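Chemist: First the structure, which I've put down as structure tokens, then a few questions once you've had a look.
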Amino acid sequence: MILTLDESAERIQDGDLVAIPTETVYGLAADAFNPQAVQKIFEIKGRPADNPLIVHISSLEQVSMLTPSLSSTASVLAEAFWPGPLTLVLEKKEDVPDIVTGGLPTVAVRMPDHPLTLRLIRLTGPLTAPSANRSGMPSPTRASHILDDYGESVDLLDGGPCRIGLESTVVDVTSEKLQILRPGAVTEKIITQKTGLVVTKNSIRDRELRRSPGTRYTHYKPQADVKWIREIPETLSPDSYYLFHSEVGNNFFPSRHLASFNDDFSEFAKTLYDHFRTADRLGCSEILIEYFHADHPHPLISALHDRITRATGESSPR
Ligand code: TXA
Ligand code: MG
């Protein structure tokens, strides 16, 4: 059911779940300090218990409920990028329920940049929320995706389509080396430009082996097989869905099975998961994506490249 802001706050306070909008993707939220409520997230999503959740806050003061003290590096990042698509992995306070962090001694925290959700968190206190997709489905970036995944069984605060469309950058600030565990809209370069902090660059493979447990699961994949294509076909197969980043897509007849972004990578990122879902709805057996290099200068490239490559299954150990 679609709820008002006040109804959403009531549901959360009663220990229920509400799907909430953020600037990245929709989350499935529960009161972070109510373990029974958080348990429901794992049940409804079919999420492995060792995959920890992000806690969403609406003010810097709320960080003190979650972590003993912010290091100077963490404070600089929070000041520079919150509210926004940057998640900080911090040392966890004992009061944070273990179910939120999958038993880890750290907690992931971010302040989402969405006016409705910030207002909601002011009413409820910190909310823990994973992306609201069912495990194994692409993250929801529109209210209709929540209804597609859960029907009426999940309550929803409708905040319109997500502005960015890919999940937040996750940065580990618990050790001296600042490390990106999951790429997002806040890149190494943007961090350095804005704060002067140096980020250790690591490959997808490194990240797989590191401590962001969620990146071990192939949860960006739709039902259709996703493949990079390096050569543009002369004709398009009716069973396939095509995503072209360059203008070559304009050479084909417009079709429901094709999107052409003309180098607008922001639009590509914003709609990627919607295209994955559309391809599945149309019954396409594969989604073919014109290859681009991860070093392209657009700020969303590394996140987009990462999610597509994961969806192909190429970089995942299982
Ligand atoms: O943009 C986003 O981050 C969205 C919106 C809803 O905020 N949320 C999201 O949550 O993508 P989820 O659960 O789908 O992904 C959270 C990621 C996972 O890769 C998880 O393993 C990692 O953050 N994570 C959470 N807590 C962690 C921790 N303590 N240490 C390392 N990684 C952690
Ligand atoms: Mg997710």
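The values are calculated or read from the model by the stated rules, or taken from the named source; none is laboratory data. Values in this document were obtained by computation on a predicted structure and should not be read as measured data. When we count neighbours, we look across all protein chains shown, and the Cβ atoms used for this are built from the backbone with ideal geometry, even at glycine.
Chemist: Any chance segment 147-158 includes a residue that's in contact with a Lys or Arg (Cβ under 6 Å, 6 or more places away or on another chain) and within 16 Å of ligand 2 (Cβ to nearest atom)?
Modeler: The initial filter retains those residues of segment 147-158 that are in contact with a Lys or Arg (Cβ under 6 Å, 6 or more places away or on another chain), namely 149, 155.
Narrowing further to those that are within 16 Å of ligand 2 (Cβ to nearest atom): 149.
There is at least one residue in segment 147-158 that is in contact with a Lys or Arg (Cβ under 6 Å, 6 or more places away or on another chain) and within 16 Å of ligand 2 (Cβ to nearest atom).
Table: residues versus (1) within 15 Å of ligand 1 (Cβ to nearest atom); (2) surrounded by fewer than 21 Cβ atoms within 10 Å (Cβ to Cβ); (3) among the aliphatic types (A, V, I, L, M).
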position: Ile2; (1), (2), (3): no, yes, yes
position: Gln13; (1), (2), (3): no, yes, no
position: Ile20; (1), (2), (3): yes, no, yes
position: Glu23; (1), (2), (3): yes, yes, no
position: Leu28; (1), (2), (3): yes, no, yes
position: Phe33; (1), (2), (3): no, yes, no
position: Ala37; (1), (2), (3): no, no, yes
position: Ile57; (1), (2), (3): yes, no, yes
position: Val63; (1), (2), (3): yes, no, yes
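Chemist: Continuing with this model, one more query. Mind telling me which of the residues Thr67, Thr106, Thr117 ends up being within 27 Å of Glu188 (Cβ to Cβ), buried (at least 23 other Cβ atoms within 10 Å of the Cβ) and not small (Gly, Ala, Ser)? Spell out the reasoning first.
Modeler: Values: Thr67 fails: buried (at least 23 other Cβ atoms within 10 Å of the Cβ); Thr106 fails: buried (at least 23 other Cβ atoms within 10 Å of the Cβ).
That would be Thr117, the only listed residue that is within 27 Å of Glu188 (Cβ to Cβ), buried (at least 23 other Cβ atoms within 10 Å of the Cβ) and not small (Gly, Ala, Ser).
Chemist: Of the residues Thr174, Thr128, Thr141, Thr117, which is more than 20 Å from Thr4 (Cα to Cα), touching a residue at least 60 places away in the same chain (Cβ under 8 Å) and more than 8 Å from ligand 1 (Cβ to nearest atom)?
Modeler: Details: Thr128 fails: more than 20 Å from Thr4 (Cα to Cα); Thr141 fails: more than 20 Å from Thr4 (Cα to Cα); Thr117 fails: more than 20 Å from Thr4 (Cα to Cα).
Step by step, each of Thr174, Thr128, Thr141, Thr117 is checked, and only Thr174 is more than 20 Å from Thr4 (Cα to Cα), touching a residue at least 60 places away in the same chain (Cβ under 8 Å) and more than 8 Å from ligand 1 (Cβ to nearest atom).
Chemist: I'd like to know if segment 91-101 contains one or more residues that are within 19 Å of the chain's Cα centre (by Cα) and either touching a residue at least 40 places away in the same chain (Cβ under 8 Å) or closer than 25 Å to Glu176 by Cβ (or both). First the steps, then the outcome.
Modeler: Of all residues in segment 91-101, those within 19 Å of the chain's Cα centre (by Cα) come to 100-101.
Within this subset, residues satisfying the condition of being either touching a residue at least 40 places away in the same chain (Cβ under 8 Å) or closer than 25 Å to Glu176 by Cβ (or both) are 100-101.
Yes, segment 91-101 contains at least one residue that is within 19 Å of the chain's Cα centre (by Cα) and either touching a residue at least 40 places away in the same chain (Cβ under 8 Å) or closer than 25 Å to Glu176 by Cβ (or both).
Chemist: Still on this structure: Among the numbered conditions (1) surrounded by fewer than 13 Cβ atoms within 10 Å (Cβ to Cβ); (2) on the phi > 0 side of the Ramachandran plot, tell me where Asn262 comes up short.
Modeler: (1)
Chemist: Name the pairs: first residue in segment 15-27 and over 15 Å from Ile164 (Cβ atoms) and touching a residue at least 60 places away in the same chain (Cβ under 8 Å), second residue among the aromatic types (Phe, Trp, Tyr) and assigned to a loop (DSSP other than H, G, I, E, B), Cβ to Cβ under 6 Å, at least 6 apart or on different chains?
Modeler: Cβ pairs passing all conditions: Ala19/Tyr26.
Chemist: Just give me the residues in segment 1-20 being more than 16 Å from ligand 2 (Cβ to nearest atom) and assigned to a loop (DSSP other than H, G, I, E, B), in sequence order. Give the derivation first.
Modeler: Step one: list which residues in segment 1-20 are more than 16 Å from ligand 2 (Cβ to nearest atom), which gives 1-16, 18.
The answer is Met1, Leu3, Thr4, Asp14, Gly15, Asp16.
Chemist: Quickly run through segment 26-44 and pick out the residues that are under 15 Å from the mean Cα position of the chain (by Cα) and in a helix (DSSP H, G or I). Break it down stepwise before answering.
Modeler: Taking segment 26-44 first, the residues under 15 Å from the mean Cα position of the chain (by Cα) are 26-29.
Result: no residue meets the conditions.
Chemist: For segment 79-130, what are the residues that are within 16 Å of ligand 2 (Cβ to nearest atom) and of a type in the set (Ser, Thr, Tyr)?
Modeler: Listed by number, the residues that qualify are Thr87, Thr101, Thr128.
Chemist: Can Glu23 be described as farther than 22 Å from Leu181 by Cα, assigned to a loop (DSSP other than H, G, I, E, B) and modelled with pLDDT of 95 or more? Walk me through how you get there before you give the answer.
Modeler: On the way: farther than 22 Å from Leu181 by Cα: no; assigned to a loop (DSSP other than H, G, I, E, B): yes; modelled with pLDDT of 95 or more: yes.
For Glu23, the condition - farther than 22 Å from Leu181 by Cα, assigned to a loop (DSSP other than H, G, I, E, B) and modelled with pLDDT of 95 or more - is not met.
Chemist: Something else now. Specify which of the listed residues (Leu88, Leu66, Leu70) is free of Cβ contacts under 8 Å to residues at least 24 places away in the same chain and within 19 Å of Ser168 (Cβ to Cβ). Spell out how you get there, then give the answer.
Modeler: Working: Leu88 fails: free of Cβ contacts under 8 Å to residues at least 24 places away in the same chain; Leu66 fails: free of Cβ contacts under 8 Å to residues at least 24 places away in the same chain.
Within the list Leu88, Leu66, Leu70, the selection yields Leu70.
Chemist: Moving on to the next point. For Pro138, state whether it is of a type outside the set (S, T, N, Q), under 21 Å from Gly46 (Cβ atoms) and part of a loop (DSSP other than H, G, I, E, B). Before you say what the answer is, go through the steps one by one.
Modeler: Values: of a type outside the set (S, T, N, Q): yes; under 21 Å from Gly46 (Cβ atoms): yes; part of a loop (DSSP other than H, G, I, E, B): yes.
Yes, satisfied.
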